[in-house]
1. Check E56 against each of (1) farther than 30 Å from P10 by Cα; (2) assigned to a helix (DSSP H, G or I); (3) of a type outside the set (S, T, N, Q); (4) open to solvent by 50 Å² or more (accessible area, probe 1.4 Å) and name the one condition it does not meet.
2. If A46 meets every condition in (1) open to solvent by 60 Å² or more (accessible area, probe 1.4 Å); (2) part of a helix (DSSP H, G or I); (3) not β-branched (V, I, T) apart from one, which number is that one?
Amino acid sequence: MTELAADGIPIAVTCRVLKLSRQPYYRWLASPVTDSEVVEAYRANALFDAHRDDPEFGYRLLADEARVAGQPMADRTAWRIASAHGWWSAFGKPKGRGKGRKAGPPMRDDRLENEVTSRGQRAP
């Protein structure tokens, strides 16, 4: 949009044609994407590519793959990015108790006829 403004086309017209409101544009213009956000996006992209190729890799191996791809970072940075996006190793994160499992059969269907003696055994 700044290129169009440099060519003499008003920002209001450009926003109207692109169906954008002016307020978010001026908010972005005041604080555009920082260099550190761009670097983190490239690192996340490299980690995602490595995770897509080998989902069983943990964050340390993903960081090694990202370094080979040209995105050097510390293992801790790789962990932070991977955990923020939920890219866990296929073997690393155990599923929570009861999540994703079907309930088994009930222990005993005839609860009304279930009599327990004083020793803790069922009466015949």
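1. Evaluating E56 over (1) farther than 30 Å from P10 by Cα; (2) assigned to a helix (DSSP H, G or I); (3) of a type outside the set (S, T, N, Q); (4) open to solvent by 50 Å² or more (accessible area, probe 1.4 Å) leaves (2) as the failure.
2. Status for A46: all satisfied but (1).
Okay, residues lined up against (1) open to solvent by 80 Å² or more (accessible area, probe 1.4 Å); (2) under 16 Å from S89 (Cα atoms); (3) of a type outside the set (G, A, S); (4) in a helix (DSSP H, G or I):
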residue: W28; (1), (2), (3), (4): yes, no, yes, yes
residue: V38; (1), (2), (3), (4): no, no, yes, yes
residue: R52; (1), (2), (3), (4): yes, yes, yes, yes
residue: D64; (1), (2), (3), (4): no, yes, yes, yes
residue: P72; (1), (2), (3), (4): yes, no, yes, no
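The values are calculated or read from the model by the stated rules, or taken from the named source; none is laboratory data. Given the structure is predicted, the values throughout are model-derived calculations rather than measurements. Side chains included, ligands, DNA and RNA excluded: accessible areas come from the protein's heavy atoms. Shrake-Rupley method; radii C 1.70, N 1.55, O 1.52, S 1.80 Å.
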